[in-house]
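The values are calculated or read from the model by the stated rules, or taken from the named source; none is laboratory data. Predicted model, so just to flag it, every value in this text is computed and none were measured. We place every Cβ from the backbone using ideal geometry, glycine too, and count neighbours over all the protein chains shown.
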Amino acid sequence: MSKQNSSYSDSKSINFLDEFGLITVISSIFTFAVYIYTLLFCSFIEQILALVVAIGFALGFLLNRLKLHKTTRIYMTLFPPVIFMTLIFLIGGFFGQAVAFATMGFLAFIGYRKNPRLRNIIIVFDILAFIIPTIYISINEPILGTIDVPFDEVFAFLACLAWLSLTFRMYDQNKTRTYTNDLENHITALKKSELNLKNAQNDLKNQNNQLAILNNELRLKNTHIEEFTFIVTHDLKGPLNNINVIATEIEKKHQSSDYTNLSSYLKHLQGSSKRLSNLVEGLLKYAEIGNSSGMETVIVADILQLVCDDLSEIIKETNAKIKISEMPILIARPSDIRMLFQNLIHNALKFKAQNVQPVITISSENKNGEYLFSVADNGIGIPKEHLGNVFNAFHKLHNQTKYEGSGIGLYGSKKIIDHHLGKIWVESEVNMGSTFYFTINTKSFNNNFNQEQLESVN
């Protein structure tokens, strides 16, 4: 409110003391002073003339005070030459009046610079207002006779001095205003260019982030293809060869009607089939990583609830206790995050210590633009010599008969973390339990995700 009042006050001051408004003030003061002078020292005719002049300029001052600025401008352009023309007709002319007319023409030239047609008309009027009465008095006597009025010369001098000063002030203001406007336009253009450049840099930064994510995805896809090919051509051959060998042996035994060791063959056949089934299931899960869905908002607490529901039977069977701290909302692939927690929690339940109630603690922490998660258990732990290999494909620490599995779970977990630009590691001691740590990057994905969607979930 105070800013508006200040702006209004400045505007009011400018209107009151604008180019022609200031002329009304100066002219009114001078003519009034001259009228007082004539009352003291001059004749009645001179007093009447001085009064008419003073009233004329006082009227211009009144128009300005009534905020009739256009009317004031026209009045103060026409009244001075008319009054000087009248004085020439009545009492004669002199050099000061000629200077006054020239000054008024120059004032009109600057004051009406934005309206050239009107400016020319006023200048022509000023010239004729001086020439016509001057020619008249050169042929005929002035109407009242030649009167040497001292206030007329004083008024002409003061008026010319004041109007010339204002004229140069107007001219200088015009130049300054033009320069200032150009400077402001340049500054505005520079600010606009700077803003456009900043927006372009932000767009380029976002595009680079997206490109980095896509390049990472492409690298991971190529790695997946290579590893998948290796798995298909290498790891699946083992159980398939066993099945073929056992089937051949059973056929030979059948032809010779020798059924000794048949139960052993069948047991090996079942084991190889089961191992093959686990490998195929693990490969299917592995193939889903990074392909299951696009990035979207993931409420981790809801994901963990779904995982616990899926593992409810084994949780009841082992009498496990699962502690979950406050979980965040992420930008991630929901299916991958679900598979990640399912692998880690299932491993914690599978590798539990004997005669000890399994306790699994899951927590999270926001650290410098990424979330750090931990899944801790009180299970059998991992030997130090195996800590560096647990995330390799088909790496198994224990005998297949004791702990079933494909060996893809932790390897797949690492691939999920790779797709989310994070890291995964484990800290463990034998018989003391294990804690798996992993991070999920939030900066890169959030910068390329619709923030309104994330806020709506929050």
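Residue-by-condition table, conditions (1) modelled with pLDDT of 55 or more; (2) among the aliphatic types (A, V, I, L, M); (3) under 14 Å from Leu62 (Cα atoms); (4) in the same structural domain as Lys70 (by TED's automatic domain parsing):
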| residue | (1), (2), (3), (4) |
| --- | --- |
| Ser13 | no, no, no, yes |
| Phe16 | no, no, yes, yes |
| Glu19 | yes, no, no, yes |
| Thr24 | yes, no, yes, yes |
| Ser27 | yes, no, yes, yes |
| Phe30 | yes, no, no, yes |
| Ala33 | yes, yes, no, yes |
| Phe41 | yes, no, no, yes |
| Gln47 | yes, no, no, yes |
Open item on the list: Can you tell me which of (1) crowded, with 20+ Cβ neighbours inside 10 Å; (2) within 18 Å of Ile213 (Cα to Cα); (3) modelled with pLDDT of 80 or more is the one Phe438 doesn't meet?
Closed with: (2)
Task: Residue in segment 409-422 that is over 48 Å from the mean Cα position of the chain (by Cα), at pLDDT 55 or above and not in a strand (DSSP E or B) present - done: no
- [ ] Answer yes if at least one residue in segment 191-207 is outside any loop (DSSP other than H, G, I, E, B), at pLDDT below 65 and surrounded by 10 or more Cβ atoms within 10 Å (Cβ to Cβ), and no otherwise.
- [x] no
Task: Residues that are crowded, with 19+ Cβ neighbours inside 10 Å and of a type outside the set (Gly, Ala, Ser), drawn from segment 337-348 - done: Ile337, Arg338, Met339, Leu340, Phe341, Gln342, Asn343, Leu344, Ile345, Asn347
- [ ] Test Leu276 against the stated conditions and say whether it is closer than 20 Å to Gly412 by Cα, at pLDDT 85 or above, surrounded by fewer than 20 Cβ atoms within 10 Å (Cβ to Cβ) and more than 36 Å from the chain's Cα centre (by Cα).
- [x] no
- [ ] Among the residues of segment 327-344, count how many are out of contact with any strand residue (DSSP E or B) (no Cβ under 7 Å at 6 or more places or on another chain) and assigned to a loop (DSSP other than H, G, I, E, B).
- [x] 1
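Every residue, every condition in (1) among the charged types (D, E, K, R); (2) farther than 21 Å from Thr31 by Cβ, yes or no:
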position	(1), (2)
Lys67	yes, yes
Lys70	yes, yes
Pro80	no, no
Ala100	no, no
Arg113	yes, yes
Leu118	no, yes
Val124	no, yes
Leu128	no, yes
- [ ] Within segment 358-370, identify whether any single residue is outside any strand (DSSP E or B) and crowded, with 19+ Cβ neighbours inside 10 Å, and answer yes or no.
- [x] yes
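Working only within segment 321-336, note down all residues that are in contact with a Leu (Cβ under 8 Å, 6 or more places away or on another chain) and crowded, with 20+ Cβ neighbours inside 10 Å.
Listed by number, the list holds a single entry, Ile331.
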Task: Criterion violated by Ile380 - all others in (1) modelled with pLDDT of 85 or more; (2) within 24 Å of Glu326 (Cβ to Cβ) satisfied - done: (2)
TODO: Only one of these is surrounded by fewer than 17 Cβ atoms within 10 Å (Cβ to Cβ) and among the aliphatic types (A, V, I, L, M): Ile139, Ile83, Ile91, Ile123. Name it.
DONE: Ile139
TODO: Can you run down the residue pairs with Cβ atoms below 6 Å, 6 or more apart or on separate chains, where the first is in segment 20-42 and surrounded by fewer than 21 Cβ atoms within 10 Å (Cβ to Cβ) and the partner is outside any helix (DSSP H, G or I)?
DONE: none
